[in-house]
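Here it is, the structure in full.
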Amino acid sequence: MQDAGRRSNKDRSDATRAALIAAGRRLFVSRGYAETGTPELVAEAGVTRGALYHHFADKRALFRAVVEAEAAAVAHEIGSAARPGLAPLKALSKGGAAFLEAMRLPGRTQLLLIDAAAVLGREELDAIDARHGGRTLREGLAAAMQSGALPKLPLRATAQLLGAAYDRAALAIAAGADPGEWHTLIDTVVAGLAAPGAPSR
């Protein structure tokens, strides 16, 4: 019974944390970070102010958790698309398409590419990205280089360059640009980096 009680307490704690993150996402998207206060957050989540501060030091910490959750969700979509067995360049292409599609979820581009940098700062945002979307891109590029599909380029710099291109594409698509055009363009850039004679499929 004691173990069941501990599990029940953990389940309640996890549910409260999840409710706060979900409420934070809704309000940060609809109202913006600056215009969202802790009273609105706890009301939206249906929890007490004490519960908020039990899980998060302040509003910024909750915002950071929202950003982390969004970044993890995007990385999951990329990983599902770039499945094992694909040729390295095809995996990069599929992963890139999955990133652009995942970023079309309403509010996600604003959160991850605009608000997060302003609220958390570039260094902290880069650290989050390195654990999620940036990690998937580095892994994909590393696999392509190891297979010979891409030449041995500086991995970190190459990932940063292509990551910036994908971020710019996501912003353009959010503003109404054609996703297909951007995906084709970035695929063409990657193909231009490919080692001579490397298989693309």
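Might you let me know whether region 109-122 holds any residue that is open to solvent by less than 50 Å² (accessible area, probe 1.4 Å), under 22 Å from VAL67 (Cα atoms) and in contact with a Ser or Thr (Cβ under 8 Å, 6 or more places away or on another chain)?
Just the residues of region 109-122 that are open to solvent by less than 50 Å² (accessible area, probe 1.4 Å), to begin with: 109, 111-113, 115-117, 119-121.
Remaining after also requiring under 22 Å from VAL67 (Cα atoms): 109, 111-113, 115-117, 119-121.
In the following step, the residues that additionally are in contact with a Ser or Thr (Cβ under 8 Å, 6 or more places away or on another chain) were identified as none.
So far as region 109-122 goes, no, none of its residues is open to solvent by less than 50 Å² (accessible area, probe 1.4 Å), under 22 Å from VAL67 (Cα atoms) and in contact with a Ser or Thr (Cβ under 8 Å, 6 or more places away or on another chain).
Within region 63-73, identify whether any single residue is open to solvent by less than 80 Å² (accessible area, probe 1.4 Å) and over 21 Å from the mean Cα position of the chain (by Cα), and answer yes or no. Full working, then the answer.
If we filter region 63-73 for residues that are open to solvent by less than 80 Å² (accessible area, probe 1.4 Å), which is where we start, we get 63-73.
Cutting the leftovers down to over 21 Å from the mean Cα position of the chain (by Cα) gives us none.
Among the residues of region 63-73, not one is open to solvent by less than 80 Å² (accessible area, probe 1.4 Å) and over 21 Å from the mean Cα position of the chain (by Cα), which makes the answer no.
Would you kindly identify the helices (runs of 4 or more DSSP H) lying entirely within region 99-160 that contain at least 1 residues that are of a type in the set (Lys, Arg)? Break it down into steps so the answer makes sense when it comes.
Working: elements: 116-120, 122-131, 133-147.
Where helices (runs of 4 or more DSSP H) fall fully within region 99-160 and carry at least 1 residues being of a type in the set (Lys, Arg), they are 122-131, 133-147.
Across region 123-161, what is the number of residues that are surrounded by 16 or more Cβ atoms within 10 Å (Cβ to Cβ) and of a type in the set (Asp, Glu)?
2
Which of the residues spanning region 80-91 are under 21 Å from the mean Cα position of the chain (by Cα), surrounded by fewer than 17 Cβ atoms within 10 Å (Cβ to Cβ) and among the small types (Gly, Ala, Ser)?
SER80
Could you please find all residues in region 162-177 being assigned to a helix (DSSP H, G or I) and loosely packed, with under 13 Cβ neighbours inside 10 Å? Outline the logic, then answer.
Start the filter on region 162-177 by keeping residues that are assigned to a helix (DSSP H, G or I), which leaves 162-174.
The one that is assigned to a helix (DSSP H, G or I) and loosely packed, with under 13 Cβ neighbours inside 10 Å: ALA164.
Ok, one more. If you go through region 92-108, how many residues are farther than 13 Å from ILE78 by Cα and buried (at least 17 other Cβ atoms within 10 Å of the Cβ)?
Of region 92-108, the ones farther than 13 Å from ILE78 by Cα are 104-108.
Within this subset, residues satisfying the condition of being buried (at least 17 other Cβ atoms within 10 Å of the Cβ) are 108.
Summing the residues that are farther than 13 Å from ILE78 by Cα and buried (at least 17 other Cβ atoms within 10 Å of the Cβ) in region 92-108 gives 1.
Would you pick out the residues in region 5-41 that are among the small types (Gly, Ala, Ser) and open to solvent by less than 70 Å² (accessible area, probe 1.4 Å)?
Initially, region 5-41 is screened for residues among the small types (Gly, Ala, Ser), giving 5, 8, 13, 15, 18-19, 22-24, 30, 32, 34, 37.
Result: GLY5, SER8, SER13, ALA15, ALA18, ALA19, ALA22, ALA23, GLY24, GLY32, GLY37.
The values are calculated or read from the model by the stated rules, or taken from the named source; none is laboratory data. Because the structure is predicted, anything quoted here is derived from the model rather than measured. Neighbour counts run over all protein chains shown; Cβ positions are idealised from the backbone, glycine included. The accessibility values were calculated without ligands, DNA or RNA, using every heavy atom of the protein model including side chains. Shrake-Rupley method; radii C 1.70, N 1.55, O 1.52, S 1.80 Å.
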